[in-house]
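To start, the structure itself, in structure tokens.
The values are calculated or read from the model by the stated rules, or taken from the named source; none is laboratory data. Bear in mind the structure is a predicted one, so any value in this text is a computation, not a measurement. Glycine also receives a Cβ, built like all others from the backbone with ideal geometry; neighbour counts cover every protein chain displayed. All accessible areas refer to the heavy atoms of the entire protein, side chains included, with ligands and DNA or RNA removed. Shrake-Rupley method; radii C 1.70, N 1.55, O 1.52, S 1.80 Å.
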Amino acid sequence: MQIRLFKPCVGEEELANIREVFERAWLGLGPRVAQFEKEWSEYIGAKTSVAVNSATAALHLSLLAFGFQPGKKVLVPAISFVSTATAALYNQLEPVFVDIDPDTLSLSLEDVERKMTPDTVAVLPVHMGGHPVPMERLMEIGRQHRLAVIEDCAHCAGGIYKGKKLGTWGDIGCFSFEEKKCMTTGDGGMISSNRAELIEPLRAYRWLGIDKDTWRRSAGYTSPEAIDARHWYYEVGVLGYKYNMNDLMAAIGLAQLKKLDRMNARRRAIIQRYLEGIKDCRQIRPLFPYKLEDSAYWIFGVRCEKRDDLILHLKKKGIATSVHYLPIPMHPLFRKYSAETPVANRVWQTMLTVPLFPDLTDGEVDYVVEALREYDRR
Ligand SMILES: Cc1ncc(COP(=O)(O)O)c(C=O)c1O
């Protein structure tokens, strides 16, 4: 048997929406993007959202929204995908790496306090693998130190913490719809906030700084009522980026959004089956203290002291694995920002991600469980 690690759950609903976009023959930034932003905002309970081409772009623009002076410091967990830290560099800000909590693998709130300086302007909590950061406590710290709080929700689209959707606790929430994530638009991302004044200006920044969307302008190109010959006119007021989502992506996103709760529920059922299957193991433990009620976990992972041996064992059985993630300061680009992160430096060596996606069958889960148990019996 060959079992892959992640697999997008796409089919007829997405194809029907793509067909509709083809028939209208407007594939770029257009009405489907606006509709997706509206439906997404309603779904997560945010005032407004700006759709972009990735969470990387979302994180970059979210920090830009605050207009921080270059050289200021941004707290970033030592274990995350690099985009959480590159967002600081794109804005000429300095990433300060915070150690992780040994149980939840998210940033340690104690270390957040320790690493705080008068130059610290923002914190980027990552809900690692979908496991929520204790946001009520982080928001309190943020308030005390006047920090911007930007939630990196790349792993937890649809997740709820203490009755409130993740991504609506902080000033801004950033989501990833890259192909492996909880839901997908191929590649794609979303910036959501209840502070509309903060993120509305990002519409121009995602579209090269242009002050009007082309599809809105184009309505006047052939309209005889629009007697003004300047229907084509736009201005570039800020240095923007080509970060927009397009209607093809949004069409996929609209179909995926309808299925998101169902896909998250199936992931929860699979995790439950994994947890049950490995509960008696001595060498293999669950990666997170999984709390399944309202969650949107993207990763099922385990911890094992001899992690690389286990990877080889699973590989021989055709089971794909990965490691999420090498601590960011270990990448050459970030070495010069290394900080005291002893827990991250130790724990990442035991972390292993195993297959999780909605179409994974119970039989496949049992096959992975049996392989894990076989290793554990050694
Ligand atoms: C925690 C985290 N943040 C940001 C990103 C970037 O997402 P995207 O691929 O949509 O740019 C990822 C991607 O894996 C991620 O895992």
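Here are a few things to note about the model shown:
- Cα-only Debye scattering, the chain: base-10 log of I(q)/I(0) at q = 0.06, 0.07, 0.14, 0.15 Å⁻¹: -0.24, -0.33, -1.19, -1.33
- Protein accessible area in the chain, 1.4 Å probe - carbon and sulfur %: 53 percent
- Solvent-accessible heavy-atom area per residue, rounded to whole Å², over the range 217-276 at 1.4 Å: 56 Å²
- Along each principal axis, taking the top coordinate minus the bottom one, the Cα set of the range 36-123 gives 39, 34, 21 Å in descending order.
- In order along the range 124-129, the phi-based Karplus estimate (6.51 cos²θ - 1.76 cosθ + 1.60, θ = phi - 60°) of 3J(HN,Hα) comes to 10, x, 10, 7, 4, x Hz; Gly and Pro are listed as x.
- Unit charges on C-beta of K, R, D, E only; dipole of the range 55-132, Debye: 320 debye
- Tilt relative to the chain, helix 31-44 - C-alpha long axis, 0 to 90 degrees, to 10: 50 degrees
- Dipole in debye (nearest 20) - the range 1-138, about Cα centre, beta carbon charges: Lys, Arg +1; Asp, Glu -1: 340 debye
- Cα-only Debye scattering, the range 1-81: base-10 log of I(q)/I(0) at q = 0.18, 0.22, 0.23, 0.27 Å⁻¹: -1.06, -1.21, -1.24, -1.33
- Cα-centre dipole for the chain with unit charges at Cβ (Lys and Arg positive, Asp and Glu negative), debye to 20: 600 debye
- Degrees between helix 135-145 axis and first principal axis of the chain (Cα, 0 to 90, nearest 10): 60 degrees
- Between Gln92 and Thr222, the contour length at 0.36 nm per residue exceeds the alpha carbon distance by 42.4 nm.
- For the range 289-296, 3J(HN,Hα) computed residue by residue from phi via the Karplus equation (6.51, -1.76, 1.60; θ = phi - 60°) reads x, 3, 10, 8, 3, 10, 7, 10 Hz, glycine and proline entered as x.
- Separation of alpha-carbon centers, the range 216-279 and the range 57-101, rounded to whole Å: 24 Å
- Over 18 Å [Cα-Cα, the range 170-259], rounded percent: 58 percent
- Contact order relative to length of the chain, as percent, for alpha carbon pairs under 8 angstrom and 6 or more apart: 24 percent
- Fully extended contour minus Cα-Cα distance, from Arg378 to Ala34, at 0.36 nm per residue: 118.3 nm
- Farthest positive-ward along the range 261-378 dipole, Cα basis, beta-carbon charges - from Met263, Tyr297, Ile311: Ile311
- For the range 1-121, the solvent-accessible area with a 1.4 angstrom probe is 42 square angstrom per residue.
- Between helix 12-24 and the chain there is an angle of about 20 degrees, using the helix long axis and the longest principal axis of the Cα atoms.
- Under-25-angstrom lysine pairs by C-alpha in the range 159-304, whenever the two are 8 or more apart or on separate chains: 26
- Residue with peak Gaussian network fluctuation, the chain [Cα springs, cutoff 10 Å], from Ala58, Ala78, Ala269: Ala269
- CD proxy at 222 nm, helix term only [per DSSP H run n ≥ 4: -39500 (n - 2.57); per residue of the chain; nearest 500]: -11000 deg cm²/dmol
- Peptides 170-178, 289-297, 99-107 ranked from most to least packed, by the mean per-residue count of other Cβ atoms within 10 Å: 170-178, 99-107, 289-297.
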